[in-house]
Amino acid sequence: MCYDDQARPPEPPGSVGVAHGEDIVLTAQDGTQFAAYAARPEQSSSTYVLIYPDVRGLHQFYKELALRFAEIGIPAIAIDYFGRTAGLTARDESFDFWPHVEQVKFDSFVQDVQAALGFIRDASGEGAQVFVVGFCMGGTLTLLSGTRRELGLTGLIPFYSGLSRDVDGQGTALDRASKTAYPVLAHFGGDDQGIPQDQVQALDEQLDAAGVEHEVVVYPGAPHSFFDRRAEQFATESAQAWQRSLEFIKAHTTQNS
């Protein structure tokens, strides 16, 4: 499990403004309703962040992360994975997530992503520039959905992406790395016991070989889930991850945004 109910995202750098967030329900093409959380700043923007949570789905950490992005002027939407098997129930620590994780189908997940992208484009227009930010399982799904050109994404920002998990027969993130269609900024902890450093290096090498614009950043000594306000000993690493992510978004956002 990535984050428990007490985890909170670190504060972003710089000044913040007012943001408004709300729980919403989206409907996928197959008619499935699923939970999402949308946060927006006071001023509109065509640059968006789409957040993929960890294995627990849409819990409080990701709602607050969406708000942190919106407070610095970037509207964000975080989605839940489990509408088909758990409905619109809560994702607090009482939620038994593993049986639902095991039932996630990649093509259904892509339908949910398309529904979220539809919501974004309804709000900001067809010119919306969407960056996916995903954590743990969401990091894996970030890299896998980054192979789908039809989604029309702008960039991928996975945090501690699992690289060896085969999601519904799609292959692992390493298997699919050469098919990546968008720029990548990947964050990994150097002391993450679940993601071997040889796999992180292999991802870097495969993206290199495929000619994918990318940066793979390893934070020495940092564990899995270091990006947490409570992890004061990794506050510098969290600040660096924020700064790199925002610079990546800015560098890949066209001027008309």
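Please treat every number below as a calculation from the coordinates, not as lab data. Note that the coordinates shown come from a computational prediction; the quantities given were computed from them, not determined experimentally. Ideal geometry is used to build each Cβ from the backbone, glycine not excepted, and the neighbour counts take in all protein chains shown.
What lysines does Lys179 reach when the alpha-carbon gap must be under 27 Å and sequence neighbours fewer than 8 apart in one chain are set aside? Straight-line reach from Lys179, under 27 Å: Lys105, Lys250.
What you get for the chain, charging only the Cβ of Lys and Arg (+1) and of Asp and Glu (-1), is a dipole of about 480 debye around the Cα centre. The alpha carbon convex hull volume per residue for the chain rounds to 116 Å³. Mean residue ellipticity, 222 nm, helices only, the chain: the sum of -39500 (n - 2.57) across DSSP H runs of n ≥ 4, divided by residue count and rounded to 500, is -9500 deg cm²/dmol. Each of Gln206, Tyr81, Val216 was scored by the projection of its Cα onto the charge dipole of the stretch 21-251, and the greatest displacement toward the positive side belongs to Tyr81; charges sit on the C-beta of Lys, Arg, Asp and Glu.
Taking every alpha-carbon pair under 8 Å whose residues sit at least 6 apart, the stretch 21-251 reaches a relative contact order of 15 percent.
One quarter of the convex hull surface built on the alpha carbon atoms of the stretch 154-257 amounts to 7.4 nm², the projected area averaged over directions.
Of all DSSP bridge pairs formed entirely within the chain, close to 35 percent run antiparallel. Shape analysis of the stretch 1-101 places it in the oblate category; the axes a ≥ b ≥ c from the Cα gyration tensor give an a/c of at least 1.5, with a/b not above b/c. When only alpha carbons are used to place a centre, the stretch 147-172 and the stretch 46-88 end up 17 Å from one another. As a proxy for reagent exposure, Glu93, Glu64 were ordered by neighbouring Cβ count within 10 angstrom, fewest first; the result is Glu93, Glu64. Ordering Thr172, Thr180 from the fewest to the most neighbouring beta carbons within 10 Å gives Thr172, Thr180. Ranking of Trp242, Trp98 by neighbouring Cβ atoms within 10 Å, starting from the fewest: Trp98, Trp242. Among the helices of the chain, those built from whole DSSP H runs whose Cα atoms reach 18 Å or more along their own axis and whose mean Kyte-Doolittle hydropathy is at least -0.5 are 106-124, 235-251.
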